[in-house]
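As structure tokens, the structure follows; a few thoughts come after it.
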Amino acid sequence: MSKDRFKDWEYPEFDERGLTKWNWMCQYPENLELGKNTDIGAFTYINARFTVQIGEGAEVGSHCSIYSHSTIDDKRGKVVIERNVKIGTHSVVMPGVTIGENTIVGAFSYVTESLPRNVIAFGIPAKVIRHLDESENKGV
């Protein structure tokens, strides 16, 4: 990641619908905690009713959904996405999940259970595929 990429990073502002100028949205933005230099892709939806924390340097691809409350099955719980996590496009993160530092979640994954730090995980549901070695942990 280029150090200049985030030299002008700013905490997002939300309009009355929860939309940002980058075309991602959050319901209950007062319960969203973003670390510095986070990058959230366009058309991503975050439901932060029961708190969503996204750590410094995390990247969430476009068209993702992050739910702290699922109205279909009434699951609820805080979602924690730790530092330097990367979540591929079109992925879904369900309530109560923690994704550990430096973990990479592949595109189109459905994350229903917490994932440890320093792994690559993907699938429906997402499963750990392998652990990252020291040279692959490129944190912020």
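The values are calculated or read from the model by the stated rules, or taken from the named source; none is laboratory data. These numbers come from a predicted model, not from an experiment. Please note: Cβ atoms are built from the backbone with ideal geometry, for glycine as well, and neighbour counts cover all protein chains shown.
Among the residues of region 50-57, is there at least one that is closer than 17 Å to Lys36 by Cα, surrounded by fewer than 18 Cβ atoms within 10 Å (Cβ to Cβ) and of a type in the set (Asp, Glu)? Checked against the condition, which is being closer than 17 Å to Lys36 by Cα, surrounded by fewer than 18 Cβ atoms within 10 Å (Cβ to Cβ) and of a type in the set (Asp, Glu), region 50-57 yields at least one hit. Condition check: closer than 28 Å to Asp8 by Cβ, surrounded by fewer than 21 Cβ atoms within 10 Å (Cβ to Cβ) and touching a residue at least 40 places away in the same chain (Cβ under 8 Å). Does Ala107 satisfy that? Yes: the conditions hold for Ala107.
Looking across Pro29, Pro12, one residue alone is at pLDDT below 95 and either of a type outside the set (D, E, K, R) or in contact with a strand residue (DSSP E or B) (Cβ under 6 Å, 6 or more places away or on another chain) (or both). It is Pro12.
Looking at region 49-125, the strands (runs of 3 or more DSSP E) lying wholly inside it that each contain 2 or more residues that are modelled with pLDDT of 95 or more, touching a Leu at 6+ places or on another chain (Cβ under 9 Å) and within 19 Å of Glu30 (Cβ to Cβ) sit at 52-54.
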